[in-house]
Structures are given as structure tokens and as C-alpha cells.
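Below is one structure; the comments refer to it alone.
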Amino acid sequence: DDDSQRRTTPVVTFVLIGLNVLFFLVELSGGDQFIEQWAFIPARFQRHSAEGAVTIFTAMFMHGSWFHLIGNMVFLWIFGDNVEDRLGHGKFLAFYLLAGIAATLSQYAIAPESGVPNVGASGAIAGVLGAYILMLPQARVNVLVGRQIVAMPAFVVLGLWIALQLVSGVGTIANTDESAGGTDPEQPPGGGV
């Protein structure tokens, strides 16, 4: 990460990372019942949109695995502080939440009948990464490669995030079956997400 241009302390970024980690720990202790209650499930939202509306927000703080959580939080740490510095704390928080809402509703528009729980901050973080590349197109990001720190173009590091999302997504798809989310959102999942 390169913070040489940053002028403010990224309070919102730190709080978002803390909330994501805390929510994931609660998710782990709550198991499938917690996931069923707080994840965004498109088919449930379609049937009972008033009841499911809160899950548009809560799902943004849930994750499918430690790998998913750590990957998202590392990229939020690297890029979020710079975007927060440029936008200001309040606008950054609003932008982050709106990006997450847009991602969730986009997934809903594509698969409104899906009974598979939708979790993760990936949509919100994708918005932050997009804002970063638009605000700082020539930026370089310091990355630990082996034993040395290398300054890489930001778009290369963003490509790595996209690759991580694909790996995470393929792993999630491979683990999703009738018992792990199925097509009936009224039935609790039998396996983990």
C-alpha cells in the first residue's frame, strides 16, 4: 500500500474492517441458522421484501469463508483509505454502502428466484476499487513479492482481486447444492456457505 498521499486517518475504513471481522465471527458461532436469517436470499426477498430488506445491509458484512473475508479486508485496507481520503468520511461510507446495495440488487435482478444465500462485502469493495482506479489511474501500490516490496500499477493489483473473486466464486459454486442453500428459501440450509 502507498499512503504517502493520504492526508487523513481512514476511520471509516478501519470501522468497516472491524465490523466485517466481528460479523464474520458472530456468523461462525451462529452457523446455518444465522446465515439463513441475515444473508440476502433473492427468492425470500421477492416473496417478503419488507422482511428481507434489512438483509441487503447485513449480507454486506458476512462472508463465505476465512479466505473470502481476509481477501476482501486486505483490499479494503489497501484501497479504501485512499478513496476515503479523497471523498471524506461521510461520503465514503455512503458510497461504500450504496455500492454494496447496488451489487446485491444486481444479483437479485439476475436471479430473483435463487434460494442461495448471498453474502460478502465484495460488491461494496468492487465499488471502492473502481473509485480508486478512476481517482488515481496512475497510482502504484507497494506489494510484498517474496522478500521484497515492489511498486506495481494499481490496475495489476486490482486484477489480482478479480482473480481472487473468481477463485472464491468457483469454490462457492462447487460447494453449493440442494442441501447447502437449495431453491427453497423457507428451508434452512443443511450445509455451510
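The values are calculated or read from the model by the stated rules, or taken from the named source; none is laboratory data. All values reported here derive from a predicted model rather than from experimental measurement. Using ideal geometry, Cβ is built from the backbone for each residue, glycine included, and neighbour counts are taken over all protein chains shown. Note: accessible area is taken over every heavy atom of the protein model, side chains too, but ligands, DNA and RNA are not part of it. Shrake-Rupley method; radii C 1.70, N 1.55, O 1.52, S 1.80 Å.
Values computed for the structure shown
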{"read-out": "Only one of F67, F23, F40 that is more than 11 Å from the chain's Cα centre (by Cα) and farther than 23 Å from L105 by Cα", "value": "F67"}
{"read-out": "Selection status of T8, among the hydroxyl-bearing types (S, T, Y), part of a helix (DSSP H, G or I), in contact with a helix residue (DSSP H, G or I) (Cβ under 9 Å, 6 or more places away or on another chain) and in contact (Cβ under 8 Å) with a residue 24 or more places away in the chain", "value": "no"}
{"read-out": "Qualifying residues in region 115-148 (those that are β-branched (V, I, T) and open to solvent by less than 20 Å² (accessible area, probe 1.4 Å)) - the one nearest to I78 (Cα to Cα)", "value": "V141"}
{"read-out": "Among the residues listed as G192, G182, the single one being at pLDDT below 95 and surrounded by fewer than 16 Cβ atoms within 10 Å (Cβ to Cβ)", "value": "G192"}
{"read-out": "Verdict on I78 being without any contact (Cβ under 8 Å) to a residue 24 or more places away in the chain and either under 30 Å from A151 (Cα atoms) or among the acidic types (D, E) (or both)", "value": "no"}
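Each row is one residue, and each column tells you yes or no for (1) open to solvent by less than 40 Å² (accessible area, probe 1.4 Å); (2) under 18 Å from the mean Cα position of the chain (by Cα); (3) modelled with pLDDT of 95 or more.
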| site | (1), (2), (3) |
| --- | --- |
| R6 | no, no, no |
| T9 | no, no, no |
| V15 | no, yes, yes |
| N72 | yes, yes, no |
| E84 | yes, yes, yes |
| G88 | yes, no, yes |
